[in-house]
Amino acid sequence: MDAPHHRLLVVDDSNVIRKRIERANELPEIEFVGAARNGREALEMHAQLRPTLVTMDLTMPEMDGAECVAILVQRDPQIRILVISALADKLTAIDALEKGASGFLCKPFTDRQLNEALRKLISAQ
């Protein structure tokens, strides 16, 4: 069995969602390395943990997901970011994709949908 070669940071202001994503990941090549409650925390954790994958909520206090995506991609052009949001506002998701996010998953999602989205994210590298 290969050791994980992708490091996952989960960013969401909901503790329930953060735990759910951590538990739902079934891909052996992805190692969960941390969870942040907002964009500001995510930037601090990125500097320490050096994740290669990020799941990113859009609506969060202190710094929203779209702003955080732009900064992460500027810092690390190789990073792969999956936006996970309940927003019915497609413009916000499109904005995040234009800022460098690699994919989008709508809440609510199933474990299968999450794993498929993560698989697409790592196979697109």
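Every number in this text was worked out from the coordinates using simple rules, so none of it is lab data. Everything numeric here is computed off the predicted structure, so don't read it as measured data. Virtual Cβ from ideal backbone geometry, glycine too; neighbours counted across all protein chains shown.
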Self-check item: Gain upon complete extension [Gln74, Asn115; 0.36 nm per residue less C-alpha separation]
Solution: 12.2 nm
Exercise. Grab the chain and count how many Lys pairs have their alpha-carbon atoms under 19 Å apart, sequence gap of 8 or more, or different chains.
Key: 5
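If you average the sequence gap of Cα pairs under 8 Å that are 6 or more apart and divide by the length of the chain, what percent do you get for the contact order? Kindly include the intermediate steps, with their values, before the conclusion.
Numbers: 230 pairs, mean separation 28.3, N = 125.
Once divided by the residue count of the chain, the mean separation gives 23 percent.
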Quiz item: When ranked by the protection proxy of mean other Cβ atoms within 10 Å per residue, highest first, what sequence do the peptides 25-31, 44-50, 58-64, 5-11 form?
Solution: 5-11, 58-64, 25-31, 44-50
Practice problem: Return the label of the correct value of Rg/Rh (Cα atoms, Kirkwood Rh), as calculated from the structure shown, out of [x] 0.92; [y] 0.98; [z] 1.03. | Solution: [x]
Exercise. Sort out for me the Cα centre separation of segment 102-119 from segment 17-93, rounded to whole Å.
Key: 13
Practice problem: Taking the dipole about the Cα centre of segment 1-54, with the C-beta of Lys and Arg at +1 and of Asp and Glu at -1, give me whichever of Val11, Thr52, Asn25 is farthest to the positive side. | Solution: Val11
Quiz item: Once label points are set 7 Å from the Cα along Cα→Cβ at both Ala86 and Glu62, what is their separation, rounded to one decimal in nm?
Solution: 2.1
Exercise. May I ask which residue of Leu121, Gln78, Ala101 lies farthest towards the positive end of the charge dipole of the chain, with charges of +1 (Lys, Arg) and -1 (Asp, Glu) on Cβ and the Cα centre as origin?
Key: Leu121
